[in-house]
Every structure is written in C-alpha cells, then in structure tokens.
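Before anything else, here's the structure in question.
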Amino acid sequence: MPTVLNLVSRRNWFYLFSIVLLIPGSISLLIPPRLKPGIEFTSGTTFSFRYAEPTSSDAVRSLLSDLGHSEARVQGSGNNEFLVQTKEIEGSATTPPVGPALPSERENIEAALAKQHGGFVDTQGNPTKQFIEFSSVSAAVSTQIGRNAAIAVLAAAIAITLYIAWAFSNVPNSLRYGVSAIVALLHDVLLVVGVFSILGKVFDVEVNTFFNTGLLTVVGFSVHDSIVVFDRIRENVSRGLIRNFPDAVNHSLLQTMGRSFNTSLTLIFSILALLLLGGGSIRDFLLVLLVGVATGTYSSVFIASMFLVTWQQGDIPRAWRRLTGQRPRPRPTEAVPASE
C-alpha cells in the first residue's frame, strides 16, 4: 500500500539522531561524580524553618558555618522560609545513666538559629522554637533506598517484557515486541539520567526519591505509548491488507502519530504550568516528567517500532557482516508472517 510519508525507510537517521542526543549525557555519566545524589542516597539531614524578620540565604549560611556546618546548602523558598541540607545531624542525645540528657546536636542548632532575626514562626505566623520540618537519613538507610530503586526499575522492565510478549502472543515473534519496548525504555531512561547528570554538574540538581518516582512514571508512559503503536501494528497485520511488514509498521505509525503527539503535548503543557507557577517542592519530579514525556513520545514512534522492523529485516546481522567483511546473506522476505 503506498504511503505519503515513509518513516520506516529513514530509521537509520532516527537512530543517528538518538545517538547524538545520548552522547552528551553519556559523557557526563563517565565523569565522576556521575550524578549529584540527595541525602536519600548519601545520608544527611534536611530541615526547614521560617524567620519572623526578613533575611538572606547568605546570612543563614553564615550562621550555620559558625555552628560547624560550613557544608550546609541553604535555599530560600519565599516568606522568609529556608530549606537547609547538611551532613547527618543527630536528632536526639543518648540518655546518660545519671542526670538529665545533654542537648542533642539538633537542639543546639535549633536553639542557636531561633535566637536570630526575630526568632522562628510556624506556617501560620505564630512564634515557635522548633523547625517546621526535620528529617535525617543514615548511611545504611540511604544504601537500602538506592538498592531498592534499582530493583524497582529492573523488576518493572522484566514485567513489561513478559506482559507485552503475552499480550501480543497471537502475533508471530511476539517476544520481539516486548524487547523492542524495552529498548525504547532504556533509551528514555539513559537520556533522562544523562540530562540529570549534566544538570547536577552545572546547576547542582540532585537525584532523590522524587527522581526515582518520576523515572518509574516515565517508564510507564514510554511503554504505554509503545503499546498503542504496537496494537495498531497487530491490527493491520491481522487484517492482512498490507503484506509488507515495513509498510504495515509505517502505516500504523502514521495512524497513531498524531494521537501520540497531541496527548504528549497536553501533558507537557501541564507540566510546564506547574514548573512556572509553583511546585517548588516537586520540581525534580516535574523535571523528570518533562524530559521523560518528550523522549518517551519520540522513542515510541521512532525507536520502538523502528527497532521492530530492524529486527524483522535482519539489519543488525547484515551490518555486522559488512563490518567483518563476510559475504552478505540474501535479505529476508519482507512479507508479513502469517498470523498464528
């Protein structure tokens, strides 16, 4: 069946474009530190407080330096409220066998900071002597969080492969659909991680649990888009109207591309609105979504489906034989395999 635009025939150019996109992030990942981890992965303490009188982040940083925390990172969030990240601070003191407990490091810092700039106020503006929020993560817990995050991504990838292979079991070579979706997924994950590696080195953007949550969301979104395209390929193949497999894939892409782009643009506009109008506490999550949705839409159309054709046509073995100087084998038939 003739088509207006033959995307499949240009698949090598799409591969090249993806490689160009991946190169900067891959280079950044080779340069230590690969990512800038948050306290969830390195151990540390985060706390926030609000002063009654206006002050600056530099003034708060100077106070913390005098208290022995020159490494503290201070971020102002408006309304004289500050978010501080430091190395691990003990939240409570060990009770001695005799006499009252000595003040903990947290209590010492809390008391010292509360004496400055009119004292602390809570979120309602009432005077207080305590931090608004305080959380501390030990080294053991941070190691466990990192391990669990890696296991979650790996388990999701395996489950996705098996599910797609089962869902498309009535199509010949159904496992190829699952593997092609994972190839697109790995493309998206590597691109997102590479972007955050660059942002961490240039803008001190950290990788935290919000990053993991966003990455798993991107994984689901990427596979969702791929399945939509694969389902249309299955439908066109089962109808038998298009006997040439690359043409069947190309026809399916043209049918679903508008829907994929429109859905993604709607989501991207919503994410941009949240980034511009607020959402400071979930900024990292939104950044992961923004990059992941864009690359997920691209990969579902120009990577997953193209890789399916590449596998079906034997492009990779043929390219390998050319590189090694072996005699090329005849091209496999392009007819769509008969449905089971």
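The values are calculated or read from the model by the stated rules, or taken from the named source; none is laboratory data. It should be emphasised that the depicted structure is a prediction, and the values quoted were computed from it without experimental measurement. Quick reminder, even Gly has a Cβ in these numbers, built from the backbone with ideal geometry, and neighbours come from all protein chains shown. In case anyone asks, the SASA skips ligands and DNA or RNA and just uses the protein heavy atoms, side chains included. Shrake-Rupley method; radii C 1.70, N 1.55, O 1.52, S 1.80 Å.
Need one number: nm distance between label points at residue 16 and residue 276, each 7 Å from Cα along Cα→Cβ, rounded to one decimal.
Between residue 16 and residue 276, the simple spin-label model gives 3.5 nm.
What's the extension gain from residue 138 to residue 228 if we count 0.36 nm per residue and subtract their Cα-Cα distance?
Details: separation 90, 0.36 × 90 = 32.40 nm, distance 4.30 nm.
Difference between extended and current length: 28.1 nm.
Same structure, new question: Hey, got the dipole for the chain? About the Cα centre, +1 on K and R Cβ, -1 on D and E Cβ, debye to the nearest 20?
Working: 26 positive and 24 negative charges, 393 e Å.
Dipole size: approximately 1880 debye.
Mind checking which lysines have their Cα closer than 28 Å to the Cα of residue 129? Skip sequence neighbours fewer than 8 apart in that chain.
The reachable lysines, counting only those whose Cα sits under 28 Å from residue 129, are 87, 115.
Could you state the accessible area per residue of the chain in Å², with a 1.4 Å probe and every protein chain left in place?
Details: 18090 Å² over 340 residues.
Heavy-atom SASA per residue in the chain reads 53 Å².
Follow-up question, since we're still on this one. Between residue 67 and residue 126, what is the label-point separation in nm under the 7 Å Cα-to-beta-carbon projection?
Rounded to a tenth, the inter-label distance reads 2.3 nm.
Then there is this: What is the angle, in °, between the Cα long axis of helix 174-203 and the longest principal axis of the Cα atoms in the chain? Nearest 10 is fine, range 0 to 90.
Relative to the chain, helix 174-203 is tipped by roughly 40 degrees.
OK, next. Of the heavy-atom accessible surface of the chain (probe 1.4 angstrom), what whole percent is carbon and sulfur?
Working: 11110 of 18090 Å².
It is 61 percent, rounded to a whole number.
Determine, for each peptide in 117-124, 186-193, the mean count of other beta carbons within 10 angstrom over its residues, then list the peptides with the highest first. Don't skip to the answer; put the middle values down first.
Numbers: 117-124: 14.8, 186-193: 21.6.
Those peptides, ordered most packed to least, come out 186-193, 117-124.
Using DSSP to call loops (not H, G, I, E or B), can you name the GluC sites (Glu not before Pro) in segment 1-81 whose Cβ has at most 15 other Cβ atoms within 10 angstrom? Each step should come with its number before you reach the end.
On the way: sites: 40, 71, 81; in loops: 71.
Loop-located and lightly packed - 71.
Sort 150-161, 166-177 by packing, meaning the average of other beta carbons within 10 Å per residue, with the highest value first. Walk me through the numbers on the way to the answer.
On the way: 150-161: 13.7, 166-177: 16.1.
Descending mean neighbour count gives 166-177, 150-161.
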